[in-house]
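The values are calculated or read from the model by the stated rules, or taken from the named source; none is laboratory data. Everything quoted here is computed from the prediction, not taken from an experiment. When we count neighbours, we look across all protein chains shown, and the Cβ atoms used for this are built from the backbone with ideal geometry, even at glycine.
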Amino acid sequence: MRARSIAGDVSSPADLRIHVTDTASTVPPTRIAPPPPGWQAGRAAPTGSTRLATASLVLGIVAVVFDLLLVPTVLAIVFGAIALARGTGARTRAIVGMVLGVVGVLVACVVAAIAIPVYLGVQHAAIAHVVEAGISEDASAQGLTFTDVACPTPRVVEAGAKLLCTARATGIGPVTLDVTFHDSRGGFTYRAARG
């Protein structure tokens, strides 16, 4: 083992002298413990396919937990498939990521299958209430009083769709109201006929 020492006045670079001396090592050699079981000597750093497998797993978890968009679910499936095609060392991560991505797609489909009809039902029920209020206001503008105006929730709200409502007209009695929609926003006309 070689040691370096600096001697002399170091106020200027010209006076700087370096002496190299040999010293014998008095420290005995250390014994290194054998590696733990399962350790591989030539293990390489994570490759692109391993990173894709990890990304697939993370996106799969995000897809199931925060299933707001289909982007993470699709990316989890795609990244997992690419990682498997490249022969990743993280095969389990890729497969779990793909499975979670598929679960995310299924959850999104179930949520959509429930949410869309509920949304349309609420929207159509609101349109039925708007039609009832519109009929009452229109009748009072013509000097009539309709009470107990009742319209069923329409199945479809589009131009030409029809709806049959009922009401009671003061001095006339039960009235049937034949409502026809003009558009999908709930614009309508109606005809009244006695009971």
- Item | Residue check for P117: out of contact with any Asp or Glu (no Cβ under 9 Å at 6 or more places or on another chain), at pLDDT below 85 and surrounded by fewer than 19 Cβ atoms within 10 Å (Cβ to Cβ) | no
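Quick one: in region 41-72, which of the residues that are part of a helix (DSSP H, G or I) and at pLDDT below 75 is surrounded by the fewest Cβ atoms within 10 Å (Cβ to Cβ)? Show your work before the answer.
So in region 41-72, the residues part of a helix (DSSP H, G or I) come out as 48-65, 71-72.
From what's left, at pLDDT below 75: 48-49.
Details: G48: 11, S49: 20.
Within region 41-72, the match that is surrounded by the fewest Cβ atoms within 10 Å (Cβ to Cβ) is G48.
So which of A159, A150, A169 is more than 48 Å from the chain's Cα centre (by Cα) and of a type outside the set (F, W, Y)? Please lay out each step first, then the result.
Details: A159 fails: more than 48 Å from the chain's Cα centre (by Cα); A150 fails: more than 48 Å from the chain's Cα centre (by Cα).
On inspection, the qualifying residue turns out to be A169.
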